[in-house]
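A.B. asks: Take this structure first; my questions come after.
The values are calculated or read from the model by the stated rules, or taken from the named source; none is laboratory data. Bear in mind that the values here come from a model prediction, so they are computed numbers and not experimental data. Cβ placement follows ideal geometry from the backbone for every residue including glycine, while neighbour counts extend to all protein chains displayed. We work out accessible area using only protein heavy atoms, side chains counted, and drop any ligands, DNA or RNA first. Shrake-Rupley method; radii C 1.70, N 1.55, O 1.52, S 1.80 Å.
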Amino acid sequence: YQPAPLSEKTLPDTFVVQISVLYKLPVIYSIVSGDGKGYFIINSSTGIVRTRKTLEWEDFPVIFNVRATDSSNGSIFNEVSVIVEVTDENDFPPVFPSSLLEERLEENLPATQIIQLKAQDSDTGSNGLLTYGILSGDRLKFRMDEATGILYSTTSFDYEEEPTEYQVVIYAEDGGIPEKKRGYCTVVVKIID
């Protein structure tokens with residue numbers, strides 16, 4: 001038996017699978033091995049398996065054995081294995097080590113790398129895969145490499161003729177399914193003479 005994967009957020013007492021045997025007499029169902037942490041419970045007469053408590057993604061997949069025993073003769077039984085997988089929820093948003101950074105940039109420089117931002121995400125798989133972008137700020141003067149997190153200027157700055165300070169709000173977005181999560185960091189770029 002391989003039921004549909006369960007979400008990490010599955011509540012206790014959720015239906016997982018129904019075990020059934022072709023047998024002319026009533027049987028008693030029991031979980032005999034493999035569920036060491038006690039995640040599942042089986043109804044001894046219907047064979048319905050339910051969750052018993054909150055599921056920890058790290059402990060799965062769990063493979064447990066269900067035994068069907070002849071209710072009038074305990075020496076007659078059969079066993080099947082059940083494989084339960086749990087999908088990892090997107091638990092954590094990306095986090096930048098600092099939410100505010102200040103960078104100095106000399107005037108009259110050609111387009112250049114200003115800073116590389118690196119966010120952390122404690123999720124695994126696509127839930128922890130990050131892309132970077134600019135949420136707000138002067139997009140004509142700055143650009144973000146979405147894979148590396150590097151912020152670049154796209155032009156040179158004139159200290160006398162233009163603003164001497166720019167705020168660029170950067171986001172890191174994870175690849176969470178079904179919902180993506182974001183973390184933010186503001187970079188203050190100061191133009192120096």
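A.B. asks: Using the Karplus curve 6.51 cos²θ - 1.76 cosθ + 1.60 with θ = phi - 60°, work out ³J(HN,Hα) for each residue of the range 79-91 in order, rounded to whole Hz, and write x for Gly and Pro.
C.D. replies: Once θ is set to phi - 60°, the couplings for the range 79-91 become 10, 10, 9, 10, 9, 10, 10, 10, 8, 6, 6, 7, 7 Hz.
A.B. asks: Give, in whole angstrom and from largest to smallest, the semi-axes √(5λ) of the equivalent ellipsoid of the range 16-81, with λ running over the eigenvalues of the Cα gyration tensor. Walk me through the intermediate numbers first.
C.D. replies: Working: eigenvalues 116, 25, 16 Å².
Equivalent ellipsoid semi-axes, largest first: 24, 11, 9 Å.
A.B. asks: Here's a follow-up. For the chain, give the share of DSSP beta bridges that are antiparallel, in percent and rounded to the nearest 5; count only bridges with both residues there.
C.D. replies: On the way: 42 of 51 bridges.
Around 80 percent of the beta bridges assigned by DSSP in the chain are antiparallel ones.
A.B. asks: How much accessible area per residue does the range 100-191 have, counting only protein heavy atoms and a probe of 1.4 Å, in square angstrom?
C.D. replies: Normalised by residue count, the accessible surface of the range 100-191 is 55 Å².
A.B. asks: At R0 = 22 Å, how high is the FRET efficiency between Ser45 and Lys9 if r is their beta carbon distance? Nearest 0.05 is fine. Working shown, then result.
C.D. replies: Details: r = 29 Å, r/R0 = 1.34.
So, using R0 = 22 Å, E works out to roughly 0.15.
A.B. asks: About its Cα centre, how strong a charge dipole does the chain have in debye, to the nearest 20, once Lys and Arg get +1 and Asp and Glu get -1 at the Cβ?
C.D. replies: On the way: 16 positive and 30 negative charges, 290 e Å.
Around 1400 debye, computed over the chain.
A.B. asks: What number results when the radius of gyration of the range 74-151, computed over Cα atoms, is divided by 2.2 N^0.38 Å? Write down the numbers at each step before the final one.
C.D. replies: On the way: Rg = 23.1 Å, N = 78, 2.2 N^0.38 = 11.5 Å.
Here the answer is 2.01, to two decimals.
A.B. asks: Follow-up. Can you tell me how much longer the chain between Ser81 and Arg182 gets when fully stretched, taken as 0.36 nm per residue apart minus their C-alpha distance, in nm with one decimal?
C.D. replies: Numbers: separation 101, 0.36 × 101 = 36.36 nm, distance 4.02 nm.
Full-extension gain reported as 32.3 nm.
A.B. asks: Could you state the accessible area per residue of the range 6-87 in Å², with a 1.4 Å probe and every protein chain left in place?
C.D. replies: Per residue, the range 6-87 has 57 Å² of solvent-accessible surface.
A.B. asks: What does the extension gain come out to for Gln167 and Ser126, with contour length at 0.36 nm per residue minus their alpha carbon separation? Intermediate values should be presented prior to the final figure.
C.D. replies: Values: separation 41, 0.36 × 41 = 14.76 nm, distance 2.98 nm.
Gain in length upon complete extension: 11.8 nm.
A.B. asks: Compute the projected area of the convex hull of the Cα atoms of the range 100-191, averaged over all viewing directions, and report it in nm² to one decimal place. Numbers along the way, then the final one.
C.D. replies: Numbers: hull surface 22.9 nm².
In nm², the orientation-averaged hull projection of the range 100-191 is 5.7.
A.B. asks: Ok, one more. With Cβ to Cβ distances under 14 Å as the rule, what net charge do the other residues near Arg52 carry (K, R +1; D, E -1)? All intermediate terms of the calculation are to be shown ahead of the outcome.
C.D. replies: Working: positive: Lys37, Arg50, Lys53; negative: Asp13, Asp35, Glu56, Asp59.
Once all neighbours under 14 Å are counted, the net charge is -1.
A.B. asks: Of the labelled options [x] 1, 7, 16, 20, 21, 17, 11, 5, 1, 0; [y] 1, 8, 14, 16, 14, 12, 9, 8, 6, 5, 4, 2, 1, 0, 0; [z] 1, 7, 13, 13, 9, 8, 7, 6, 6, 6, 6, 5, 5, 3, 3, 2, 1, 1, 0, 0, which one gives P(r) over Cα pairs in 5 Å bins from 0, in percent as computed for this structure?
C.D. replies: [z]
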